[in-house]
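Engineer: The structure is given below, and queries will be raised subsequently.
The values are calculated or read from the model by the stated rules, or taken from the named source; none is laboratory data. Keep in mind the model is a prediction, meaning the values are calculated, not measured. When we count neighbours, we look across all protein chains shown, and the Cβ atoms used for this are built from the backbone with ideal geometry, even at glycine. Surface accessibility is based on the protein's heavy atoms, side chains included, excluding ligands, DNA and RNA. Shrake-Rupley method; radii C 1.70, N 1.55, O 1.52, S 1.80 Å.
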Amino acid sequence: MQSDVPDKLYTTRYDYVSKGVVSNKNRAKTWQYGYNEKYDMVVVSKTGQIGDIIEVNGLIIALPLPPKDLPKGDNKWVREELPKPLSRVQNIFQWNDMPKPFKAQWVDYIESEFDRREEGHWFMNNGIPTYITGAHYMYLQWTSIDVGYPDYREANRIFFIFWEACKADPRSFGMVYLKIRRSGFSFMGSSECVNTGTLAKDSRVGILSKTGNDAKKMFTDKVVPIANRLPFFFKPIQDGMDKPKTELAFRIPASKITKKNMYDVEDEEIFGLDTTIDWKNTDDNSYDGEKLLLLVHDESGKWIKPNNILNNWRVTKTCLRLGSKIIGKCLMGSTSNALAKGGSNFKKLYEDSDPRVRNANGQTKSGMYSLFIPMEYNMEGFIDEFGHPVFHAPEKPVMGVDGEKIRGGAVDYWDAEVESMKNDPDALNEFYRQFPRTESHAFRDESKQSLFNLTKIYQQIDYADSLVKEHYLTRGSFQWQNGVRDSKVIFSPDKRGRFNVSWTPPKHMQNRWIDKRGTKYPGNEHLGSFGCDSYDISGTVGGGGSNGALHGMTKFHMDDAPTNEFFLEYVARPQTAEIFFEEVLMACVFYGMPILIENNKPRLLYHFKNRGYRGYCMNRPDKHFNKLSKTERELGGIPNSSEDVKQAHAAAIESYIEKHVGVLEDGEIGSMPFVRTLEDWARFDISNRTAFDATISSGLAVMANQKHLYLPEQKKSSISITLPRYNNRGYRSELNEGR
């Protein structure tokens, strides 16, 4: 196994719950399915016992306890064919007419299938006891797809476990799955439609896709055939046609057949259950006012204007709740279009679904949980017979899940494709979006309109994605020591903080300032500077408004600190502008560095001046002090309306990217650690600067560090005045000749 690719999509959390607690509760079978608040984990076991506790994308999940003496069997997943005698039974009515010996012969088999559907299934896979959920079992065993029946894949096992946790967690509205192309999501979603719809009473299952035709095709070509091919004991009695075009309606459910009821014959009137599966045309208000048990959202990263996936989710989210109670779940999955073609909205929805970031109600901002599975785990042609990915070329060919030998690796294949497209940025970015290895790849944008060198920006993003973020970035906040303003500032790590920091100065360099006639000036100006894109209004109607942004950057120096590196990123909009102003001030005081601020929104500049920190606010570098306006002399700052300033700002970032980002001339990689800013640079549109807070502030930091480049030249006068010179020796002054 190569070190650059983790061998698992999850982390086993050993001792997350003490062994004594697990043992005692397992013995009593008292673990409850659902969210366990005491241990902050989701239990997906329905047996009252738990085994491994794993973490998938920040979500802690407790799996069932493996059975004792699990038979080895085929030592891999092998689908079992429906016994021929049972294949001749088409519906529950024919079963009821069967003789008692026939029922007695097959009731154990049928009952075990219901148990697997409900509790999941264990099997030996390459010598390892392996658990799949009931929904995954239904997909593998009873879901007919375009190539027959699905292969077992480890990536899909984690997908279904994560989905089961979303269903079990009462805080979750479901999941948003960032996928690769041809990963089987449409069939998995269709299988779950049928699995849910054939069990529920008085419920509705809905389908949406990037267009109404796509939703209809998913319904007619996938959902309906899957439902029709279920074995009789899972198949409810269906209303209407065998191949409906708009709605699949079930009359009676697939009741569990057991030894107790296998001889029962239902002669009473059959009452309708009003359980339906249907699809809707793509629209912001699709399913508005409906109550849904399940919504399958396919290709949600490809909604093109005027449709907006964010607006639609705000509407459909209400279909899954009654007051504060969540009564339905959403299964959403997609690759992403380019950002301007629906990808930007999907990206925001995905980022708002991080299980590690929750509000006071314990929910993510979107209500869903996000999951990304890199391409190397699920790439067609590189899955071995045990369902595990082959990352790199094996020493000897290995047997694939499709029965063919695998001689190469998914990562090697991907690297070769990337290398072949390195001179075609648009083709490369499309390939990244279709087959991403990182979340940044999945949201890679088109390169046509980029002002900066996208190749170098994406090289830096890829490098940053390969690192463990927590190892080089610290999230935190600044506070005045003991709460005393204008004393010393301290930095405290805090996951809820708004600052991302890669470097803090040693203690003897912190809080350095100089007093000049009652005004404080920064003591570390030789080390670097800050740039800030401020805002003046605390709130806007509807809660919108751009973020405030602050960037810190060092410059070339001979001291004990990094050079020419960004070390601080802040992109946020606190509840009030005053909070933002104070946080910016504290950062400047802590680092002892000056700040260049756009002065079209002057409240931040007044905040510095009124507190005695006018000396920290840099004047615009493109004018001499005696040429500044009265307000500019009073407050400092630089205007954003000047075309010269706009061009100089963009040129400063462009120059920095060429010199310090991506693969450098010596073959080393740059040290820009802030992916959010890198992505902002990649999307920057100079004609619409207000939408790019991080780009504005980071560019101002670069300009501040190289302010000498913008000083106006001293103009020499074209008038030459030559004064006569005299010789004053003797008693008479005489004019010097030739002068």
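Engineer: Of the residues in the stretch 617-635, how many are of a type outside the set (Lys, Arg) and surrounded by 17 or more Cβ atoms within 10 Å (Cβ to Cβ)?
Structural biologist: 7
Engineer: Given (1) closer than 26 Å to Glu446 by Cβ; (2) without any contact (Cβ under 8 Å) to a residue 40 or more places away in the chain, identify the lone condition not met by Gly670.
Structural biologist: It is condition (2) that Gly670 fails.
Engineer: Using the structure shown, decide if Trp142 is at pLDDT below 95, open to solvent by less than 20 Å² (accessible area, probe 1.4 Å) and aromatic (Phe, Trp, Tyr).
Structural biologist: Answer is no for this residue.
Engineer: Filter the stretch 580-616 down to the residues that are over 15 Å from Val489 (Cα atoms), assigned to a helix (DSSP H, G or I) and open to solvent by 10 Å² or more (accessible area, probe 1.4 Å) and list them by number.
Structural biologist: Arg603, Tyr606, His607, Lys609, Asn610, Arg614, Gly615
Engineer: Would you check if Ser733 is at pLDDT below 65, more than 29 Å from Leu339 (Cβ to Cβ), among the polar types (S, T, N, Q) and out of contact with any helix residue (DSSP H, G or I) (no Cβ under 9 Å at 6 or more places or on another chain)?
Structural biologist: No.
Engineer: Tell me which residues, restricted to the stretch 425-440, are in a loop (DSSP other than H, G, I, E, B) and crowded, with 22+ Cβ neighbours inside 10 Å.
Structural biologist: Phe435, Pro436, Arg437
Engineer: Scan the stretch 441-451 and tell me whether some residue there is among the hydrophobic types (A, V, I, L, M, F, W, C), surrounded by 23 or more Cβ atoms within 10 Å (Cβ to Cβ) and out of contact with any strand residue (DSSP E or B) (no Cβ under 6 Å at 6 or more places or on another chain).
Structural biologist: yes
Engineer: Further question on the same structure: Output yes when any residue across the stretch 616-626 is of a type in the set (S, T, N, Q) and under 23 Å from Gly518 (Cβ atoms), and no when none is.
Structural biologist: Yes, the conditions are met somewhere in the stretch 616-626.
Engineer: Also, I was wondering about something else. Just name the residue that is modelled with the lowest pLDDT out of those in the stretch 7-37 that are part of a loop (DSSP other than H, G, I, E, B), within 30 Å of Ile383 (Cα to Cα) and open to solvent by 60 Å² or more (accessible area, probe 1.4 Å).
Structural biologist: The qualifying residue modelled with the lowest pLDDT is Asp7.
Engineer: A further question follows. Scanning for something farther than 23 Å from His649 by Cβ and either in a helix (DSSP H, G or I) or over 34 Å from the mean Cα position of the chain (by Cα) (or both), does the stretch 529-542 turn up at least one residue?
Structural biologist: Yes, the conditions are met somewhere in the stretch 529-542.
Engineer: Let me ask another. Inspect all residues belonging to the stretch 527-535 and state whether any of them is of a type in the set (S, T, N, Q), under 26 Å from Glu634 (Cα atoms) and modelled with pLDDT of 95 or more.
Structural biologist: Yes: one or more hits.
Engineer: In the stretch 69-111, how many are under 30 Å from Tyr35 (Cβ atoms) and more than 39 Å from the chain's Cα centre (by Cα)?
Structural biologist: Residues that pass the stated criteria total 1.
Engineer: Next question, about the same structure. Hey, could you check the stretch 452-477 for residues that are more than 17 Å from the chain's Cα centre (by Cα) and part of a loop (DSSP other than H, G, I, E, B) and say which is surrounded by the most Cβ atoms within 10 Å (Cβ to Cβ)?
Structural biologist: The residue in question is Phe452.
Engineer: Hey, can you tell me all the residues within the stretch 496-528 that are buried (at least 18 other Cβ atoms within 10 Å of the Cβ), aliphatic (A, V, I, L, M) and not in a loop (DSSP other than H, G, I, E, B)?
Structural biologist: The answer is Val501, and nothing else.
Engineer: Looking only at the stretch 372-415, count how many residues are open to solvent by 60 Å² or more (accessible area, probe 1.4 Å) and in a helix (DSSP H, G or I).
Structural biologist: Within the stretch 372-415, residues that are open to solvent by 60 Å² or more (accessible area, probe 1.4 Å) and in a helix (DSSP H, G or I) number 2.
Engineer: So is Phe123 more than 21 Å from Thr198 (Cα to Cα), of a type outside the set (Lys, Arg), in contact with a Ser or Thr (Cβ under 8 Å, 6 or more places away or on another chain) and modelled with pLDDT of 95 or more or not?
Structural biologist: yes
Engineer: Just checking, does the stretch 315-338 include any residue being of a type in the set (Val, Ile, Thr), closer than 12 Å to His297 by Cβ and in contact (Cβ under 8 Å) with a residue 40 or more places away in the chain?
Structural biologist: So far as the stretch 315-338 goes, yes, one or more of its residues are of a type in the set (Val, Ile, Thr), closer than 12 Å to His297 by Cβ and in contact (Cβ under 8 Å) with a residue 40 or more places away in the chain.
Engineer: Could you list, in sequence order, the residues of the stretch 327-341 that are open to solvent by less than 30 Å² (accessible area, probe 1.4 Å) and either of a type in the set (A, V, I, L, M) or under 17 Å from Ala691 (Cβ atoms) (or both)?
Structural biologist: Matches in the stretch 327-341: Leu331, Met332, Ala338, Leu339.
Engineer: Condition first: without any contact (Cβ under 8 Å) to a residue 60 or more places away in the chain and part of a loop (DSSP other than H, G, I, E, B). Now tell me which residues in the stretch 126-146 satisfy that.
Structural biologist: Listed by number, the residues that qualify are Gly127, Asp146.
Engineer: Right, something else. Is there a residue being in contact with a Gly (Cβ under 8 Å, 6 or more places away or on another chain), open to solvent by 10 Å² or more (accessible area, probe 1.4 Å), at negative phi and not in a helix (DSSP H, G or I) anywhere in the stretch 636-659?
Structural biologist: So far as the stretch 636-659 goes, no, none of its residues is in contact with a Gly (Cβ under 8 Å, 6 or more places away or on another chain), open to solvent by 10 Å² or more (accessible area, probe 1.4 Å), at negative phi and not in a helix (DSSP H, G or I).
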